1. Select from 27, 205, 141 the residue whose mean-square fluctuation is largest in a Gaussian network model of the chain (Cα-Cα springs shorter than 10 Å).
2. Counting DSSP beta bridges in the chain, what percent are antiparallel, to the nearest 5?
3. Using 14 Å as the cut-off for backbone N distance, which residues of segment 120-153 belong to the label zone defined by a point 7 Å from the Cα of residue 218 along Cα→Cβ?
4. In nm, to one decimal, how far is the modelled label at residue 96 from the one at residue 236, with both set 7 Å along Cα→Cβ?
5. Extension gain residue 140-residue 5, at 0.36 nm per residue separation less the Cα-Cα distance, in nm?
6. At 222 nm, what value in deg cm²/dmol follows for the chain if DSSP H runs of at least 4 each add -39500 (n - 2.57) and the sum is divided by all its residues, to the nearest 500?
7. Can you tell me how segment 167-229 classifies by the Cα gyration tensor, rounded, prolate or oblate, using a/c under 1.5 as the rounded cut?
8. For the chain, with a Gaussian network of springs between Cα atoms less than 10 Å apart, report the residue from 215, 196, 206 with the top mean-square fluctuation.
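Each reported figure results from applying straightforward, stated rules to the coordinates on display, with no laboratory input. As the structure is a prediction and not an experimental result, all values here were calculated from the model. Cβ atoms come from the backbone with ideal geometry, glycine included; neighbour counts cover every protein chain shown.
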């Protein structure tokens, strides 16, 4: 997947299955939001080169949650001097992916072709062979993170206990992690904003309730961990997720 400029200074990278993002703040440097799967380290340098940057320009990595498909390059970035930020409720999950607990067994979804394709991609990109998670700094609900772009943190538990939303107000974008996605994990095709499946969520009812926390977000562009950018605003994205529900 080519690197795509979503908004001025905001770039989407990764693959058709999993996104990671770069927020370029000029002389202040770059903040990455999420870090893909472990195998994505092979695309890091080429992706940064496309936006005129190198690893040493990355000042921080801010994680929406601790799942393996979002923390995969964290060790590489930390080794280059970037600070890594995560909500403390996901610290144990990030340290050991086997701690992941979901509301429903994945076995109920194995008849869907998109499920097989996503799992095959994750395994091929090192999901079962994670690297050591570096030391992280705490993301606190309601805080503004002292990194380039200065995102505001909203704690939105449900997908995981430590899931957060990150609003970069000056850039007009909000990163919602896996609270919302615009990719159908059942078909592997683009879809309207929706909650993740119960096989992905720690607590889907809690995730649904967390949508209410988006009411104070003004950013017009919604950037999910999986799927395309949504440009019709947070309110419409949340309404779509409530309407579609959680399967």
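1. Fluctuation is largest for 27.
2. Values: 23 of 37 bridges.
Counting DSSP beta bridges with both partners in the chain, the antiparallel share is about 60 percent.
3. Within reach of a label on residue 218: 152.
4. 4.5 nm
5. 45.8 nm
6. Numbers: 7 runs with 55 residues, N = 247.
Helix contribution divided over all residues of the chain: -6000 deg cm²/dmol.
7. Here segment 167-229 falls in the oblate category.
8. It is 215.
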